[in-house]
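A short worksheet on the structure shown next.
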Amino acid sequence: MSYLVLARKWRPQTFHDLTGQDHVALTLKNAIESGRVAHAFLFTGARGVGKTSSARILAKTLNCANGPTTEPCNVCPACIEITDGKSVDVMEIDGASNNGVDEIRELRDNVKYLPSNSRYKIFIIDEVHMLSNSAFNALLKTLEEPPPHIKFIFATTEPHKVPITILSRCQRFDFKRISVSMIAGRLRFILDQEKIIMSDAALAMIARKGDGSMRDALSALDQVLAFCGDNVDDADVVAILGVVDRAMLLSAANMIFDRDTAGLVSIVAKVEECGCNMRHFCHEMIDVMRSLLLIKTLPTASSLLDISDREYEEGKALAAKTDAQAVQRCISILLKTDSEMAHSSFVKLLMEMAMIKMATLSPALPLSELLDRLKALESMPPSTPMASDSPPPVYAAARKEAVPHAVSVPPKVSMPPVVVLPEAKPQVVSGSRDWPGFVAYVKSRKPMLATKLETGKPIQSDGNTLQIGYVRGSLELSLLQEADYRQHLTDLSVGYYGHAMDIKIVPLSQDSSDVPMSIAEKKTVDRAVKDEALKNAVDSHPFVKTALEVFGGEIVAYKDRQ
């Protein structure tokens, strides 16, 4: 015996069964009661929200043996034939596969014939936007002035692709996305009828998986039941659908506000283990933070949030632990992380960084408090460490040279001391002509060759022989051992040393620690020493310490002003 999926078994058969589309059902029922039924309808909306089901229900209400009626009986031959898709007077046409002008011409020829055994002959064209322009043009005149026994019902997910000439001849009904609570209520009714046990939390996960589509939610429910049977466990729902448990999301939000970085990293690891898409987890976290923000700022947030009453109460308890500004900063971090994930291969790393950053955010100080601290700084006496009674030596020396004796020096101005690092002493080339001087000489004439010399280590320089070592297997070693390069070096040695040097390029082992450093290595060491001195000087500076304390900031980079 073939199995009938839940989406077909529990398809709405009356307007009363239609979930989340009360505005459509009420309008159509009023039109039937008042006898103002149009000859053409256009049903638009997302997938799985009830467009085709509403078209069938409308066809049954018009052709029911007890009708026209607002609710079909579903027991008369006309209703049963329409439900089973066997009615010769209600024809469902797939616009995607019958989109040519020939099919529409055939439809137009059938319009003039009376229905066989029903009140109306009804044409339901699904995905009508797939018809070609020629097909639409062939339908125009018939659609505008059809015979009285003809009704057209069009359904589409993309109404913007339907020509305006067609739209103007139809009554348009826009179907809404169905809320999570409504989907969950309908699923609960179906489960009760099927005698299946499932928790509200698992049901909410399936409803959220539907993303506003009742058909998608029923398909997900079918998948879960195929895996679990009649007794569904919450963990099984998470595993089979690859969704994120709502409890895990709320736990992650709790850890963010409790500054539990270790717990947050473990949650990211669990998300990866269960096979959930990391970007989907980021979207769910954004939705949780949005809910907290609305709960924190709006008294009527419950009517704006698509969550259950239990989740709303949990959100209220969580929102009480933080403020709206902290939630806004978390949302900004998550939004930036989501955009970075779209172009990165390290999505787990990005999610971990975002979690840690949200958990370690410094509290934001109110603007009024910052202004009060600045005023307190300005009112400090000059004798405090914030300012110096005498200008820095470098400024004093410059002022002494620039101001003539006849001109009086202006009074001293209190200003913060400047951190001045000792400059490295320049290397003076001796008369014997050393290795750095030779490299500088080569750089002034052949810069590319000098770059290769800077990575070499001077092993021997005795006035007649110049021996340069390179790591075995390096590119510089293979290049400088070529005859052309050695000839260039020999010619340049004549210009610097006054005579041709015997230049030897020799290989070195990786662990040759007794060999002198190359110029490039010495530059790296000198730069590291200078950067460390700059960092220590800045970190110990009283002005920097006070600024960090006042603004609650942190030093992210060190840069030498010179």
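Read the figures in this text as sums done on the coordinates, not as results from a lab. Note that this is a predicted model, so its numbers are computed, not measured. Neighbour counts are summed over all protein chains in view; Cβ atoms, including those assigned to glycine, are modelled from backbone coordinates with ideal geometry.
At a glance:
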read-out	value
Residues of type aspartates and glutamates that K375 reaches as a straight line, Cα spacing below 20 Å, ignoring anything fewer than 8 places off in the same chain	E549
Computed FRET value (nearest 0.05) for D309 with A247, which takes r as the C-beta separation and R₀ as 22 Å	0.90
Most to least packed among 221-228, 552-559, 518-525 [average Cβ atoms within 10 Å]	221-228, 518-525, 552-559
Ordering of 245-255, 58-68, 87-97, 484-494 by burial proxy (mean other Cβ atoms within 10 Å per residue, highest first)	58-68, 245-255, 87-97, 484-494
Contour excess over end-to-end distance, with Cα ends at R172 and R486 and 0.36 nm allotted per residue	104.5 nm
Extension gain from F551 to C73, taking 0.36 nm per residue of separation minus the Cα-Cα distance	164.7 nm
Among 531-539, 199-207, 185-193, the order from most to least packed when residues are scored by Cβ within 10 Å on average	199-207, 185-193, 531-539
Estimated [θ] at 222 nm from DSSP helical runs (n ≥ 4, -39500 (n - 2.57)) normalised by residues in the chain, nearest 500	-16000 deg cm²/dmol
Inter-label distance, nm, simple model (7 Å from Cα along the C-beta direction), D462/V265	5.8 nm
Helix 133-144 axis, angle to the chain major axis (alpha carbon atoms, nearest 10°)	40 degrees
Counting DSSP beta bridges with both ends in the chain, the antiparallel % (nearest 5)	15 percent
A342-N137 pseudo-label distance in nm [points 7 Å out on the Cα-to-Cβ vector]	3.9 nm
Extension gain (nm, one decimal) between K112 and K195, 0.36 nm per residue minus Cα-Cα	24.9 nm
Efficiency of FRET from Cβ geometry, R472 and S302, R₀ 56 Å, rounded to 0.05	0.15
Diffusion constant of region 465-562 at 25 °C, which comes from Stokes-Einstein with the Kirkwood Cα-pair radius and 0.890 mPa s, µm²/s	139 µm²/s
Lys/Arg +1, Asp/Glu -1 at C-beta; region 6-174 dipole; positive extreme among N110, L6, L58	L58
Using θ = phi - 60° and Karplus 6.51 cos²θ - 1.76 cosθ + 1.60, couplings along region 267-278 (whole Hz; Gly, Pro as x)	5, 4, 5, 5, 4, 5, 5, 7, x, 6, 5, 5
Share, in percent, of DSSP beta bridges within region 435-516 that are antiparallel, nearest 5	35 percent
Efficiency of FRET from Cβ geometry, Q328 and T27, R₀ 45 Å, rounded to 0.05	0.65
Distance between region 221-265 and region 516-562 - C-alpha centres, whole angstrom	47 Å
